1. On a 0 to 90° scale, report how tilted helix A:336-349 is relative to the longest principal axis of chain A, with both axes built from alpha carbons and the result rounded to the nearest 10.
2. Got the relative contact order for the range A:61-175 handy, in percent, Cα pairs under 8 Å and 6 or more residues apart?
3. With the full set of protein chains in place, find how many percent of the accessible area of chain A is carbon and sulfur; take the probe as 1.4 Å.
4. As an exercise, use a Förster radius of 45 Å and the Cβ-Cβ distance of A:Val29 and A:Met413 to find the FRET efficiency, rounded to the nearest 0.05.
5. Suppose R0 equals 56 Å. What FRET efficiency, 1/(1 + (r/R0)^6) with r the Cβ-Cβ distance, do A:Leu19 and A:Glu296 give to the nearest 0.05?
6. Highest mean first, what order results for A:160-172, A:4-16 on Cβ atoms within 10 Å?
7. Would you kindly calculate the mean projected area, averaged across all directions, of the convex hull enclosing the Cα atoms of the range A:100-167, in square nanometres?
8. What Rg and what Dmax come out for the range A:324-415 when only alpha-carbon atoms are used, in angstroms?
Amino acid sequence: MEQDCSYNWLFARNNDGKLILRIEDTDQVRSTQEATQSILDSLTWLGLDWDEGPYYQSQRLNIYQEYVEKLLKQGDAEYIDDPEKGRAVRFKIRDVITDIDDLIHGKIKFDTALLEDFIIKKGDGFPTYNFACVVDDGLMEITHIIRGDDHISNTPRQIALYHALGFDLPKFAHIPMILGEDGTRLSKRHGATSAVEYREKGYLPEAIINFIALLGWSPGNDQEILTKQEMIEKFSLKRVNKASARFDTVKLDWMNSKYIRELPAEQLSAKLHYYIQKAGFDTTQLSDTWLKKLIELYKDRFKTLSEFTTQTSPFFRNQIEYESSAVEKFLKIDGASRLISDTYAKLKELENFSIQEIEDCLRDITTQHGIGFGKLAQPLRVAIIGKSASAGIFETLELLGKEKTLNRLEYAMKTFL
RNA sequence: GGCCCCAUCGUCUAGUCAGGCCUAGGACACCGGGUUUUCAUCCCGGCAACUGGGGUUCAAAUCCCCAUGGGGUCACCA
């Protein structure tokens with residue numbers, strides 16, 4: 001659904017066309033407020049703007065009724081009664097050509113004899129999808145219909161309606177669907193995939209758009225990262241694939257991290273705010289400049305915004321968790337005790353606790369002990385972060401601050417050494 | 001099952017329309033190496049595909065047919 005929208009958007013913008021947003025809410029049970037709101041939110045978040053609408057089909061009932069009557073009068077439709085469902089109207093298929101001249105697939109032939117009459121107005125008075133969208137597309141003078149190729153099979157029905165209603169045929173472009181990682185259908189069944197859910201997971205809208213666009217389309221060269229502007233300029237239905245693609249989260253993650261790395265700390269900070277809140281971190285004591293430094297330090301280490309909080313949690317929390325394997329490997333070893341307590345004492349003497357000061361201090365310690373720098377950095381890292389991997393040790397100490405650093409060293413000495 | 005769509009590395013794809021430039025290019029992932037205080041980033045290198053079978057042609061990933069496989073659709077859902 002997001003892909004349908006983005007291709008429509010790219011196509012409209014590429015051609016200086018007009019994009020009309022229409023909410024097809026003709027199912028009184030399934031069309032909830034939440035559902036349409038989620039669509040609107042997703043489009044807004046992704047930055048896919050439209051020029052007209054949204055129109056709600058549920059508010060255009062009288063229009064559809066007009067055309068139902070027209071078909072009845074022409075003899076192209078008939079009433080059918082059902083004791084439970086009420087009086088509905090059924091369209092009668094005539095022998096017309098319903099072949100599709102698809103912009104992506106070329107000619108698709110159908111045997112009209114195989115088509116069956118179908119309902120256009122339901123017992124509850126609402127139009128069916130196939131009918132409402134043909135009436136709307138006709139009245140709104142839609143020139144191009146770009147949608148998933150799961151719609152191919154009801155296109156002949158719609159073409160028959162166009163003929164009966166006397167509307168000009170639009171051009172159809174059936175784009176391949178996106179399959180889930182397991183190769184089965186994504187949209188309806190997996191339910192997920194509202195773009196809003198990807199926001200929640202910490203993906204950037206630019207990354208999502210870029211990734212989705214490349215699932216079924218390519219600019220024709222080897223470029224993988226494209227701005228919206230570049231995509232608009234290069235987009236062409238001719239370059240859209242016929243085969244369906246699988247959604248590969250691993251590649252999306254890579255692309256997202258690429259976009260994160262290119263974002264200035266200032267903007268990242270604004271976006272990260274929500275996830276920091278969500279993680280429950282207390283930020284009242286923390287300054288903006290401090291946060292920006294932390295972001296800068298971790299920028300190329302996380303793939304999603306929410307991952308930032310899991311990686312930097314030792315900077316926010318007072319209690320940290322220690323990875324037992326890291327503790328075993330770097331703290332519970334010969335000499336660690338002496339080394340850490342010595343480091344503790346020396347760090348305590350520092351006045352500014354600046355990166356430069358810290359570096360000088362730590363380098364001195366390693367020369368005094370006659371060891372390589374890694375022999376100090378690793379135990380120290382584990383003692384203050386709890387893990388054997390983190391950003392640079394000097395920056396880490398500085399950002400953590402003198403007080404927290406000393407507290408953690410103290411705790412580590414008491415607990416593990 | 002009927003009808004429809006589709007088919008290049010594990011994945012996304014370039015190449016297919018206008019057959020030779022393809023000993024099939026790129027990206028993600030993976031593997032190896034380098035840089036580094038660890039991890040990540042970054043840099044270098046590697047692995048890896050034209051679904052199968054028939055045609056057409058001097059020549060086929062590219063055109064045609066069949067088979068196989070995958071997907072879609074058969075609602076008073078959209």
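The values are calculated or read from the model by the stated rules, or taken from the named source; none is laboratory data. The model shown is predicted, which means the values in this text are computed figures rather than measured ones. Every residue, glycine among them, receives a Cβ derived from its backbone with ideal geometry; neighbour counts consider all protein chains shown. Note: accessible area is taken over every heavy atom of the protein model, side chains too, but ligands, DNA and RNA are not part of it. Shrake-Rupley method; radii C 1.70, N 1.55, O 1.52, S 1.80 Å.
1. The helix A:336-349 is inclined about 90 degrees to chain A.
2. This gives 28 percent for the range A:61-175.
3. For chain A, the apolar C and S fraction of the accessible surface comes to 47 percent.
4. Efficiency for this residue pair is about 0.10.
5. With R0 = 56 Å, the Cβ-Cβ based efficiency is 0.90.
6. A:4-16, A:160-172
7. 5.2
8. Here Rg and the maximum Cα pair distance are 11.8, 34 Å.
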